[in-house]
1. Here's a check for you: in the range 1-58, which residue that is assigned to a helix (DSSP H, G or I), at pLDDT below 90 and among the charged types (D, E, K, R) is surrounded by the fewest Cβ atoms within 10 Å (Cβ to Cβ)?
2. Here is a check on your reading of the model: is K77 within 39 Å of the chain's Cα centre (by Cα), at pLDDT below 90, of a type in the set (K, R) and exposed (fewer than 10 other Cβ atoms within 10 Å of the Cβ)?
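The values are calculated or read from the model by the stated rules, or taken from the named source; none is laboratory data. Computed from a predicted model, the values in this text were never measured in an experiment. Neighbour counts are summed over all protein chains in view; Cβ atoms, including those assigned to glycine, are modelled from backbone coordinates with ideal geometry.
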Amino acid sequence: MKNECENMTLYFYGELEPQQAAAFQEHLAHCPHCQREMAFLQQTQQALVPPAAPEQVVQGALAPALAGKGWWRRVFKPALATALVLGAGVFLFISGPFGSRFDDDGQEWMAYISAEADEEYNSFVADFEAFEEKF
């Protein structure tokens with residue numbers, strides 16, 4: 001009998017083979033301990049299921065979304081579509097033939113950066129020397 005009582009949880013969740021489930025059902029009909037345990041499991045499962053919201057509350061909450069007559073839909077959707085099209089156009093323009101000036105040669109890009117950095121450094125040195133002369 002103790003062996004059959006151990007199958008309570010497996011039976012409750014439907015994980016026993018059909019033959020084992022039939023044997024446990026027969027055991028359940030005669031075992032008061034398993035009957036109490038099964039009633040407890042069923043009550044626990046029912047307590048964990050939240051109650052459904054009243055139909056009127058659900059319909060009231062969803063009515064504005066289902067109606068689709070809000071002013072923001074008439075204004076927001078076209079504005080969003082326009083912004084997306086403009087954004088795609090700007091992206092394609094930037095990444096198009098004008099955006100790939102230095103793609104062909106990495107050395108050309110490095111020379112450009114180096115020249116810019118040298119100019120900034122020389123400018124900084126000149127400014128710093130002028131500052132030192134004043135003091």
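1. Among them, the one singled out is K2.
2. Values: within 39 Å of the chain's Cα centre (by Cα): yes; at pLDDT below 90: yes; of a type in the set (K, R): yes; exposed (fewer than 10 other Cβ atoms within 10 Å of the Cβ): no.
Taking the combined requirement at face value, the residue does not satisfy it.
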